[in-house]
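Step one of this worksheet: look at the structure below.
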Amino acid sequence: MQLGISRFTQIGNWIFEVKMVRALRVEKYGQPYDAVATLTANGENMYVDTQLTREHNELSREDCMAFYEFAKQLEMKQIQYDKLRNGERHSRQVEVVENLRPRAVVQLANGLRSR
């Protein structure tokens, strides 16, 4: 898989923005998957809208870290999701700490600013 994905891509006079992604838990694309999630990007936030597993197992820490890495590569600052416990919904928020740090601003000699 490629690293360093971009949320925006320009082709001609069109800019394509990633807004919704379907994630499949499977070793190789095309094989039957055992979990699926839908993620929606809104501003600098990533929402995990759907989490379904084949055997009704909860997502593992490794699964959550994959979502975290994806959000980090899209330069999201926060991930939000709901977790059901005993039939009750609990909303959770996770900060993408690597993307919270302000980028350094460099003042060039000609007065232009660079990030």
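The values are calculated or read from the model by the stated rules, or taken from the named source; none is laboratory data. Note that the structure is a prediction, hence the values are computed from the model and not measured. For neighbour counting, all protein chains shown are included, and Cβ atoms are generated from backbone atoms with ideal geometry for every residue, glycine included. Quick note on the areas: whole protein, heavy atoms, side chains included, nothing else; ligands and nucleic acids left out. Shrake-Rupley method; radii C 1.70, N 1.55, O 1.52, S 1.80 Å.
Pull up segment 42-56, narrow it to residues that are outside any loop (DSSP other than H, G, I, E, B) and at pLDDT 90 or above, then point me to the one that is surrounded by the fewest Cβ atoms within 10 Å (Cβ to Cβ).
Asn42
What residue, of Leu39, Leu84, Leu59, is over 16 Å from Arg7 (Cβ atoms), without any contact (Cβ under 8 Å) to a residue 40 or more places away in the chain, part of a strand (DSSP E or B) and of a type outside the set (Val, Ile, Thr)?
Leu84
Do the conditions hold for Met20, that is, is it of a type in the set (A, V, I, L, M) and either without any contact (Cβ under 8 Å) to a residue 12 or more places away in the chain or open to solvent by 70 Å² or more (accessible area, probe 1.4 Å) (or both)? Step through it out loud before you land on a result.
Working: of a type in the set (A, V, I, L, M): yes; either without any contact (Cβ under 8 Å) to a residue 12 or more places away in the chain or open to solvent by 70 Å² or more (accessible area, probe 1.4 Å) (or both): yes.
The answer is yes for Met20.
Scan segment 77-115 for residues that are modelled with pLDDT of 80 or more and among the hydrophobic types (A, V, I, L, M, F, W, C) and jot them down.
Across segment 77-115, the qualifying residues are Ile79, Val94, Val96, Val97, Leu100.
Every residue in segment 26-41 that is at pLDDT below 95, surrounded by 11 or more Cβ atoms within 10 Å (Cβ to Cβ) and not hydrophobic (A, V, I, L, M, F, W, C), please.
Answer for segment 26-41, where residues must be at pLDDT below 95, surrounded by 11 or more Cβ atoms within 10 Å (Cβ to Cβ) and not hydrophobic (A, V, I, L, M, F, W, C): Tyr33, Asp34.
Working only within segment 87-101, note down all residues that are in a loop (DSSP other than H, G, I, E, B) and out of contact with any helix residue (DSSP H, G or I) (no Cβ under 7 Å at 6 or more places or on another chain).
The answer is Gly87, Leu100, Arg101.
If you scan segment 5-17, which residues turn out to be open to solvent by 90 Å² or more (accessible area, probe 1.4 Å) and in contact with a strand residue (DSSP E or B) (Cβ under 7 Å, 6 or more places away or on another chain)?
Correct list: Phe8, Ile15, Phe16.
With respect to the numbered conditions (1) more than 13 Å from Asn45 (Cβ to Cβ); (2) surrounded by 13 or more Cβ atoms within 10 Å (Cβ to Cβ), which one is the sole condition not fulfilled by Ala71?
Status for Ala71: all satisfied but (1).
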